[in-house]
1. Pulled fully out, how much extra length does the chain show between L67 and R100, if you take 0.36 nm times their separation in residues and subtract their Cα-Cα distance?
2. Would you kindly state how much longer the chain becomes between D122 and A46 on full extension, computed as 0.36 nm times their sequence separation minus their alpha carbon distance, in nm to one decimal?
3. With a 1.4 Å probe and all protein chains in place, put Y117, Y86, Y79 in order of accessible area, largest first.
4. What number, rounded to the nearest 500 deg cm²/dmol, is the helix-based mean residue ellipticity at 222 nm of the chain, given -39500 (n - 2.57) per DSSP H run of at least four residues and division by all its residues?
5. How much area per residue is accessible in the stretch 6-104 when the probe is 1.4 Å and only protein heavy atoms are counted (Å²)?
6. Whose amide H sits under 5 Å from the amide H of R110, counting only residues 5 or more places off or on another chain, with H placed in the peptide plane?
7. Any idea how far the Cα center of the stretch 92-167 sits from the one of the stretch 47-81, in Å?
8. Going by average Cβ neighbours within 10 Å, how do the peptides 132-138, 92-98 rank, with the highest at the top?
Amino acid sequence: MASRSRERDAMPFVIRGLSPAPFLPLFALDDAALAARNIRRIAADADRGFPCRVSLRDAQRGETVLLLHHLHHEVVGPYRASGPIYVREAAMSSGAAEFRDALPPSFPRRLLSLRAYDAGGDMRDADVVDGADAMPHLQRLLGLPGVAYLHVHNARPGCYACRVDPA
């Protein structure tokens with residue numbers, strides 16, 4: 001009975017990948033044009049290690065991905081942030097991934113940094129968790145007073161993974 005009560009009281013959330021729209025035209029550029037924009041086209045050399053920020057899935061060995069700089073926290077203030085991300089060419093034909101009250105396939109194999117922000121973009125709390133155990137931590141952080149959204153980062157390399165919003 002206690003388990004059902006916890007499920008009923010759980011904070012609903014949605015995890016969304018980035019829109020493919022700004023990345024789609026980049027795949028048509030040649031390597032010189034990409035290099036002029038500080039973007040690299042690479043083939044994934046493993047089934048792990050190339051997490052796409054659109055599909056929230058790892059690229060498979062041989063898939064084409066772009067490695068580029070992305071402004072992921074566009075706020076005024078000290079928490080404005082950017083960094084490198086991968087996007088899979090195969091993800092360009094679909095919309096941004098969306099997971100409601102569920103974790104993306106890229107989470108369970110990673111150590112994650114969860115960062116809770118208020119509506120003004122200031123960090124209010126943070127945690128580092130095993131990706132397979134992220135669900136209750138996401139819900140706890142979203143339930144804190146004043147928290148408007150979360151950002152998830154892959155903790156070891158520190159790169160941005162996705163945004164989590166209350167549903």
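The values are calculated or read from the model by the stated rules, or taken from the named source; none is laboratory data. Given the structure is predicted, the values throughout are model-derived calculations rather than measurements. Counting neighbours? That spans all protein chains shown, and the Cβs are built from the backbone with ideal geometry, glycine included. Quick note on the areas: whole protein, heavy atoms, side chains included, nothing else; ligands and nucleic acids left out. Shrake-Rupley method; radii C 1.70, N 1.55, O 1.52, S 1.80 Å.
1. Here the segment from L67 to R100 would lengthen by 9.2 nm.
2. Once the chain is fully extended between D122 and A46, it gains 23.7 nm.
3. Largest to smallest exposure gives the sequence Y79, Y86, Y117.
4. -3500 deg cm²/dmol
5. Heavy-atom SASA per residue in the stretch 6-104 reads 56 Å².
6. When sequence neighbours closer than 5 places are left aside, the close amide H contacts are G131, A132.
7. What the calculation gives is 14 Å, centre to centre.
8. Highest mean packing first, the order is 132-138, 92-98.
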